[in-house]
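*Asks:* Structure in structure tokens, see below.
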Amino acid sequence: MLVPMQKLTLYALKADRDALLLALQKDGSVMLEPEAGSKALPGSEKVSAQLDKTGQVLQFLVQNGAKNPLFPQKEAISYGNFLKETQEGRQLTEKLDTTASKIASLESEAAALRTQAESLDPWLKLDIPLEQLSFTETTRCHVGFLPEKELPEFQKAISGLLADMSLYELTQDGQAMVILAYEDADNDVKHLLKEHDFSEAVLPKRSGLAADVRKELLQEAEEKENRIARLKEETRESIPQKQQVELYYDQLNAAHDRLQNGGVETVSAFKVQGWVRKDRAQRVEQVVQGVTDAYQLTFADPEEGEIPPTVLENGRLVEPYESVVELYSLPKAGSVDPDMIMAPFHFIFFGMMMSDAGYGLVLTIMLYFALKKFKPTGFARQLALVIFFGGISTTLWGAMFGGWFGLEWHPLLFVPMNEPLKMLALCFGLGAIHLITGMLIKTKMLFREGDVMGAVCDQISWLIMFLGFFLMALVPGPIGKYLAWLGAGIIVLFGGRDRKGIISRLIGGLLTLYNISGYLSDLLSYSRIFALGLATGVIAMVINTVAQMLWSAGPVGIVAAILVLLAGHYFNIVINVLGAFVHSSRLQYIEFFGKFYEAGGRAFLPLALRTKYTDITK
Amino acid sequence: MITLGTALAFGGAATAAGLAGVGSAIGVAIAGQAASGVVSEDPDKFGNVLVLQALPGTQGIYGLLIAFIIILNLGVIDGNVKDLTTFQGLAYLFAALPMGLGGLLSAIYQGKVAASGIYLTAKRPEETGKGIILTAMVETYAVLSLLISFIMVNGIKL
């Protein structure tokens, strides 16, 4: 069901603003919306920056060995304590942030030193200290690399000039060399060097022999690396206090959310607006009253052109399936919530796709304990419950089809592998019911909107035709044929009613009739239920067969067989849960929703205490 | 002595498992390369991208399934390989073709869609579900291939 929403407008004094926002955040039922002229509260940028920093610090701790579990145990804290900013958390965050940037700069320094040391590798045999590799009164000096293939010619050319050359290591950049030229000959030498693609070497600005300088650089790099190691060790020591940083993160996050929107303000008053569930309006008023009596609060139903956020509400059994709808897209405000009708189909299809009672039992028990132990919340909880229900459905269908861990045992209905046509008929039958349900919903929606023509010509006409086909196959006599013709007639006559002119309209109608191929492919799509069920069953058989072969090979074989059975069936369950969930959802999204669903709702994100690491007890 | 028919039936089983397996290997590899790239930036997304990477792997399983049913019918599992006529063998070979070819190509293309779904996850992790659904759209055709191969294999009377 879609919950009716109301628009809230609150006027109050700026002096009360912080307290009001805090109270509304604690209550968590109002979604504030920015409007023209509304501003964030002062300090929000600072909090934002601090929040980012804290997030990075937490990541830094994880990089240095802190655990980062998939389902973290949330630390319980009272609301009163949550409001007091943790000093330890803040100090630790600042300290770790400094450490992280220190490590980063030390790392880049060490890397630079190592690169410099490496650049000296070709010059280790150079017997002139580096600082003396420069000009004197009468000589000029060139240090660098010459491509190897240019060397013979260059040597020949330079021997005619007043210059001396000594060669060092041969590197990737070319032949390392030092050229000493008499001042007067230097222009010629330069010209020659350019001609032969000589490249200048960049040597570290240090004094001493190349070999000594290299050693010195490496030593310095090592010192820096040692300091990095010490800093990392220090960081690891603060891992036990990670909880304080996490609490600080949650506190900042709450402050960040609260400061986002301060509304429109005058010198001493302000106004905010937002959305609230109609049934919670009273409660919000009480919350405001609890803070101040200098306020004006109004609630109004959404006006034309205003799009309230979408809130779904369903019974306990259906509510988990909201996650399936959420994965697709929330329904548009004012349309229908498909959960109630979709849930039983999703439940049935999931079970038929897994179709093994043994797997169903394992799945049900596993999910039951997972839900008990990890206590997931929100979307994760809903998803887990959908799979938990799926497990129950799998057990039921497995018993129907006689599948128990890939072995056949007393099917209540029939064995799909032995009677594939019966199974296909069952799939198509359920598919037809699914599709027709979708079309009936659309018919109801059209009637509600007052579009009787649309309901009769685009929906009911098809339903009459399908009913005709159905009767043709099952009931003797011409009644089915007449109904099919009636339906087809309505479609041809009115399918093209948007067009002008009789001929164009009839052609339009005939083209509409061609949509039957679309309905047919929708229906055929349900054959996947059988195919996925087959995949589960036969792979389970394969696992059993392999285990059986191993079993006869003595004691080692028996151990191997048990391992194969455990790992194989586990793998088969995991891969097929994924397949069953994805494909039964797909049947909803493409085949079912395609018939009536209006997507494009926006999520309701109230101002609330959203914590990642802590659990606030009231 | 194995008859030509039996050998052809083996060819059918090999086609189904081999081609579909190759397809899945390629598909999973394409998705896996994309996944590693995303995980290198954000290791927390490992769970999400792993699901997407696994999707093109199902074709290999479907191929194995058809191959298994063929060799089961041939009696390889219980050790008494049946002698098939040439036409029976050819029928098995043809029956395995949809699964082999459909599996091979759909897995490769599904791998490509999975890779783009993985990039989608990198940019907008909250939309992973949609990436999974888009990837599963390709699988439809592997499922149809599996179904028709199964019905054909099941219809061959020995």
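*Asks:* Please report Rg over Rh for the range A:319-596, where both radii come from the alpha carbon positions and Rh follows the Kirkwood definition.
*Replies:* On the way: Rg = 23.0 Å, Rh = 21.2 Å.
Here the Rg-to-Rh quotient is 1.09.
*Asks:* Two decimals, Cα atoms only, Kirkwood Rh: what is Rg/Rh over the range B:83-158? All intermediate terms of the calculation are to be shown ahead of the outcome.
*Replies:* Values: Rg = 17.5 Å, Rh = 14.1 Å.
Result: Rg/Rh = 1.24.
*Asks:* Please give the net charge around A:PRO204, taking every other residue with its beta carbon less than 15 angstrom from that of A:PRO204, where Lys and Arg add +1 and Asp and Glu add -1.
*Replies:* Numbers: positive: A:ARG114, A:LYS205, A:ARG206, A:ARG214, A:LYS215; negative: A:GLU109, A:GLU118, A:ASP121, A:GLU131, A:GLU200, A:ASP212, A:GLU216, A:GLU220.
Residues close to A:PRO204 contribute a combined charge of -3.
*Asks:* Taking the Cα atoms only, what angle lies between the long axis of helix B:4-41 and the longest principal axis of chain B, rounded to 10 degrees?
*Replies:* Tilt of helix B:4-41: around 10 degrees.
*Asks:* Between A:ALA300 and A:GLN87, what FRET efficiency follows from the Cβ-Cβ distance if R0 is 60 Å, with the result rounded to 0.05?
*Replies:* 0.85
*Asks:* Moving on. Given that compact globular proteins tend to follow 2.2 N^0.38 Å, what is the ratio of the alpha-carbon Rg of the range B:60-112 to that value?
*Replies:* Details: Rg = 13.3 Å, N = 53, 2.2 N^0.38 = 9.9 Å.
Its radius of gyration relative to the 2.2 N^0.38 Å reference: 1.34.
*Asks:* Bin by bin, in steps of 5 Å, what percent of the Cα pairs in the range A:119-218 do you find, going until the bin that has the longest distance?
*Replies:* So the P(r) values, bin by bin, are 2, 13, 25, 23, 19, 12, 4, 1, 0.
*Asks:* Return the whole-Å distance between the Cα centroid of the range A:59-130 and the Cα centroid of the range A:515-590.
*Replies:* 47
*Asks:* If you average the sequence gap of Cα pairs under 8 Å that are 6 or more apart and divide by the length of chain B, what percent do you get for the contact order? Mind showing how you got there, number by number?
*Replies:* Working: 290 pairs, mean separation 58.8, N = 158.
This gives 37 percent for chain B.
*Asks:* Now a separate question. On a full-extension model of 0.36 nm per residue, what is the gain between A:ILE590 and A:GLU313, subtracting their alpha-carbon distance, rounded to one decimal in nm? Please list the in-between numbers first.
*Replies:* On the way: separation 277, 0.36 × 277 = 99.72 nm, distance 2.33 nm.
Contour length minus the Cα-Cα distance gives 97.4 nm.
*Asks:* Additional query: Can you give the average number of partner chain beta-carbon atoms within 10 Å of each beta-carbon in peptide A:525-531, as a whole number? Could the numbers behind the result be given before it?
*Replies:* Working: counts 3, 0, 7, 8, 1, 5, 12.
The per-residue average across the peptide is 5.
*Asks:* Restricting to DSSP H runs of at least four residues, report the calculated mean residue ellipticity at 222 nm for chain A, -39500 (n - 2.57) per run over all residues, nearest 500 deg cm²/dmol. Kindly include the intermediate steps, with their values, before the conclusion.
*Replies:* Working: 21 runs with 352 residues, N = 618.
It comes out at -19000 deg cm²/dmol, rounded to the nearest 500.
*Asks:* If you take the beta carbon distance between A:GLU183 and A:ALA104 as r and set R0 to 45 Å, what does 1/(1 + (r/R0)^6) give as a FRET efficiency, to the nearest 0.05? Kindly include the intermediate steps, with their values, before the conclusion.
*Replies:* Values: r = 47 Å, r/R0 = 1.05.
Efficiency, from the Cβ-Cβ distance: 0.45.
*Asks:* Per residue, how big is the convex hull around the C-alpha atoms of chain B? Give it to me in cubic angstrom, could you?
*Replies:* Details: hull volume 15.3 nm³, N = 158.
Dividing the Cα hull volume of chain B by its residue count gives 97 Å³.
*Asks:* Related question: Within 10 Å, count the other beta carbons around each residue, average over each peptide in A:269-281, A:163-175, and list them highest first.
*Replies:* Working: A:269-281: 19.8, A:163-175: 15.2.
Taking the mean over residues of other Cβ atoms within 10 Å, the ranking is A:269-281, A:163-175.
*Asks:* Multiply the residue gap between A:GLN56 and A:THR377 by 0.36 nm, knock off their C-alpha separation, and tell me the result in nm, one decimal place. Walk me through the numbers before you get to the answer.
*Replies:* Numbers: separation 321, 0.36 × 321 = 115.56 nm, distance 2.46 nm.
Length gained, A:GLN56 through A:THR377: 113.1 nm.
*Asks:* Follow-up question, since we're still on this one. So what are the three principal axis dimensions of the protein assembly as shown from its Cα atoms, in whole Å, longest to shortest?
*Replies:* Computed over the Cα atoms, the extents are 120, 98, 73 Å.
*Asks:* Something else about it: What is the average number of partner chain Cβ atoms found within 10 Å of a Cβ in B:150-158? Numbers along the way, then the final one.
*Replies:* Details: counts 7, 5, 0, 0, 5, 2, 0, 0, 0.
Rounded to a whole number, the mean comes out at 2.
*Asks:* Which length gain, in nm to one decimal place, applies between A:GLU45 and A:TRP485 when the Cα-Cα distance is subtracted from 0.36 nm times their residue separation?
*Replies:* Numbers: separation 440, 0.36 × 440 = 158.40 nm, distance 6.86 nm.
Residue separation times 0.36 nm, minus the Cα-Cα distance, leaves 151.5 nm.
*Asks:* Each residue of the range A:464-479 in order: what ³J(HN,Hα) in whole Hz does its phi give by Karplus 6.51 cos²θ - 1.76 cosθ + 1.60, θ = phi - 60°, with x for Gly and Pro?
*Replies:* Here the 3J(HN,Hα) series is 4, 5, 5, 4, x, 4, 4, 5, 4, 6, 10, 9, x, x, x, 4 Hz.
*Asks:* Name all residues of the range A:254-269 having a backbone nitrogen under 13 Å from the label point set 7 Å from the Cα of A:ALA15 along its Cα→Cβ direction, giving them as ranges.
*Replies:* A:268-269
Only the coordinates and a few stated rules stand behind these numbers; no lab work does. None of these values were measured; they are calculated from a predicted model. Cβ sites come from the backbone with ideal geometry, for glycine too, and all protein chains shown count toward neighbours.
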